[in-house]
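> After the C-alpha cells below, expect a handful of questions from me.
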Amino acid sequence: MGLIKFSNISKSFGKKKVIDDLTLEIDKGDMFGLLGPSGSGKSTLIKILLGMHVPDKGTVFFNGEDITGNPEKLKRIVGLTTQENAFYEKLTIFENMQYYAGLYGIRPTRHDIMKILESVKLEHAKDTLAGNISGGMKRRLDFAISLLHDPELLILDEPTTGLDPLLVEQFWHIVSDIRKRGKTILVISHIFSEIQENCNRIGILNKGRMTELKLEKHTDLMKRFKAIVNE
C-alpha cells in the first residue's frame, strides 16, 4: 500500500457529484503532479485528504491507517504551500518561523529553524521583515513554514503563481532537494511544463475521475490532457 491511498472516494454537493469512485495511491518519495480543468474536483480531493471534507463514500489511508475526516491527524503529517502568502508581513522571516512553530505545538531550537531556512536559501534574510522580501523569497518562506514540523507529505498548490522563469527554476530546484530527503510531494498546478519536468507521476482529474498517465520521454502532455478532458 502506498503512503497515501484514496480508496473508492465519492463526494457530492447537492445533486452534483464532484468526486466519482476515485482510487489513487501515492507512494513514499513520489512527486505526484495533479492536473485538471477548473471544476474537475482538485480542490475537493485535497480537502478530503486534509480532513476538511468527509467523503460520502470511501476511505483515505496514510501508511495503511484510516485517516478519513481526521484533520488533527493530518496536521502532523502534512505540510501545505499555497499560492496565497500565509505569513505575517510585519514579522521577520525568523519571527514567522517561531510563530508558526508555536501553532504546530513544537519548540524548535534556533539551530533547527536556521537549518530549514538554509535549505530554502533564506538564512541570510532571517531578520528581514517578510513584507519587504521579493516574490521568490515569499514563496520560499511559505515553503519553509510548511517544513517546520517535518511532515511526511508536502502539498504544493499552484506554488509558482506570479514568479518569473528564473525564480520558478530556483523554486523547483529547492523542492527537488527536499524530495531527495525522502519527502513525498503532491503538486497541483495548471502549468504543464512544470509538472512534466518535475514530477515522476502525473494524474489528470476530470469529471471526478482520475486518469494516470504513463510518462514517456516524448509525451505531449498538453495533447493528452485535451484528449482526456474532451472525452
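The values are calculated or read from the model by the stated rules, or taken from the named source; none is laboratory data. Note that the coordinates shown come from a computational prediction; the quantities given were computed from them, not determined experimentally. FYI the Cβ positions are ideal-geometry reconstructions off the backbone, even for glycines, and counts take in every protein chain you see. Surface areas here come from the heavy atoms of the whole protein model, side chains and all, with no ligands, DNA or RNA. Shrake-Rupley method; radii C 1.70, N 1.55, O 1.52, S 1.80 Å.
> Starting from the range 163-184, take each residue that is of a type in the set (Ser, Thr, Tyr) and list its partners that are open to solvent by 40 Å² or more (accessible area, probe 1.4 Å), counting only C-beta distances under 9 angstrom and pairs at least six apart or across chains.
Listed pairs, sorted by first residue: 184/27; 184/28; 184/152.
Conditions tested, residue by residue: (1) touching a Gly at 6+ places or on another chain (Cβ under 8 Å); (2) of a type in the set (A, V, I, L, M, F, W, C).
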{"residue": "157", "(1), (2)": "no, no"}
{"residue": "171", "(1), (2)": "yes, yes"}
{"residue": "174", "(1), (2)": "no, yes"}
{"residue": "177", "(1), (2)": "no, no"}
{"residue": "184", "(1), (2)": "yes, no"}
{"residue": "213", "(1), (2)": "yes, yes"}
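Residue-by-condition table, conditions (1) under 17 Å from the mean Cα position of the chain (by Cα); (2) surrounded by fewer than 14 Cβ atoms within 10 Å (Cβ to Cβ); (3) over 30 Å from residue 115 (Cα atoms):
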residue: 13; (1), (2), (3): no, yes, yes
residue: 29; (1), (2), (3): yes, no, no
residue: 42; (1), (2), (3): yes, no, yes
residue: 74; (1), (2), (3): yes, no, no
residue: 81; (1), (2), (3): yes, no, no
residue: 84; (1), (2), (3): yes, yes, no
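> Under 21 Å from the mean Cα position of the chain (by Cα), modelled with pLDDT of 90 or more and over 19 Å from residue 154 (Cβ atoms): which single residue out of 69, 64 fits that description? Spell out how you get there, then give the answer.
Working: 69 fails: modelled with pLDDT of 90 or more.
After ruling out the rest, the residue left standing is 64.
> Could I ask something else about it? Quick one: in the range 91-128, of everything that is among the basic types (Lys, Arg) and farther than 20 Å from residue 181 by Cβ, which residue is farthest from the chain's Cα centre (by Cα)? Give the derivation first.
Restricting attention to the range 91-128, the residues satisfying the condition of being among the basic types (Lys, Arg) are 107, 110, 115, 121, 126.
Narrowing the set further to residues that are farther than 20 Å from residue 181 by Cβ leaves 107, 110, 126.
Details: 107: 24, 110: 26, 126: 24 Å.
Taking the candidates together, the pick is 110.
> Also, I was wondering about something else. Please list, ordered by residue number, the helices (runs of 4 or more DSSP H) wholly in the range 122-218 having 1 or more residues that are open to solvent by 50 Å² or more (accessible area, probe 1.4 Å) and over 25 Å from residue 96 (Cα atoms). Please lay out each step first, then the result.
Values: elements: 135-147, 165-179, 192-198.
Of the helices (runs of 4 or more DSSP H) lying wholly inside the range 122-218, those with at least 1 residues that are open to solvent by 50 Å² or more (accessible area, probe 1.4 Å) and over 25 Å from residue 96 (Cα atoms) span 165-179, 192-198.
> Pick out the one residue from 96, 8 that is polar (S, T, N, Q), more than 23 Å from residue 200 (Cβ to Cβ), touching a residue at least 24 places away in the same chain (Cβ under 8 Å) and loosely packed, with under 15 Cβ neighbours inside 10 Å. Give the steps one after another, and end with the answer.
Working: 96 fails: loosely packed, with under 15 Cβ neighbours inside 10 Å.
Residue meeting the stated conditions: 8.
> Which one is modelled with the lowest pLDDT among residues in the range 213-231 that are more than 19 Å from residue 37 (Cα to Cα) and either basic (Lys, Arg) or touching a Lys or Arg at 6+ places or on another chain (Cβ under 8 Å) (or both)?
Only one residue tops the list, namely 217.
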